[in-house]
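Accompanying notes for the structure given below.
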Amino acid sequence: EGVAADIRQNLTSRGGWIDREKFFKNHPEWYPFNRQQNKRLEGGVCVSSEEMFQELFKEIGEYLAKNPDVPQVCIGCDDYIFFCECEKCLTISESVKTLAGLPCPPYQHVVLINRVAKHFARQYPNVRFNILVYDGFGPADTATFHFEPNAGAGLALLWRNHGRPIETCERAPFILGQWSKMTANPANGLEMWDYYANFSDYYLPFPNLD
């Protein structure tokens, strides 16, 4: 029996878990600090903020209390996303390296989803919690960490030729392989948000199709 994947952009968007229009004014510390601008920005969250997590648990808990039978819950970033650069979050980013040997800020989302999944695991053992991964950004070292058994990822792979199978995409071995290795429970696997946007010409949205 098929299950519709929940990989929405709903972390800080309007109506989302940590709605920036609702919370940013009074709780800017819940959102990412940007060193270049020396201020908090409205997209994304500070994964070192305990108060942010408590609000996130509250929002998700209220949703699950009303919808206890949902199979999946997404904690997905939206297009307007920043990774936090406060001292504690930088330590998280620097704890894992990319293939280029650089800090891996997207690892903050792995920390985020794992904590949410672990928090609700006992009360809602049949619910899977997802993050939304854009274009496969990921770490090189997948041996030192993984998703919680009830956590997974939805992958939005924009950079690909839709006229060819996804496994023939030049970046597929890295993108698909890396995130698959991080999944503690093979049954969770990766879910694909398979779409295309031709940002240079919206009148020709699928230029690779004949």
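In plain terms, the chain from Asp19 to Tyr203 could stretch by 63.0 nm, reckoned as 0.36 nm per residue minus the Cα-Cα distance. Applying 0.36 nm per residue to the separation of Phe57 and His27 and subtracting their alpha-carbon distance, the gain on full extension is 9.2 nm.
Ser200 contributes about 110 Å² of solvent-accessible surface, heavy atoms of the protein only, 1.4 Å probe.
Arrange the residues Tyr63, Tyr124 by how much accessible surface each exposes, largest first, with a 1.4 angstrom probe. Don't skip to the end; give the middle numbers.
On the way: Tyr63 70, Tyr124 25 Å².
Final ranking, largest accessible area leading: Tyr63, Tyr124.
With a simple spin-label model that places each label point 7 Å from the Cα along the Cα-to-Cβ direction, the separation between Ser95 and Gln36 comes to 2.6 nm. Computed extension gain for Met192 through Asn67, at 0.36 nm per residue and net of the alpha carbon distance, reaches 42.6 nm.
The values are calculated or read from the model by the stated rules, or taken from the named source; none is laboratory data. Everything quoted here is computed from the prediction, not taken from an experiment. Every residue, glycine among them, receives a Cβ derived from its backbone with ideal geometry; neighbour counts consider all protein chains shown. Accessible surface is based on the protein model in full, side chains and every heavy atom, while ligands, DNA and RNA are left aside. Shrake-Rupley method; radii C 1.70, N 1.55, O 1.52, S 1.80 Å.
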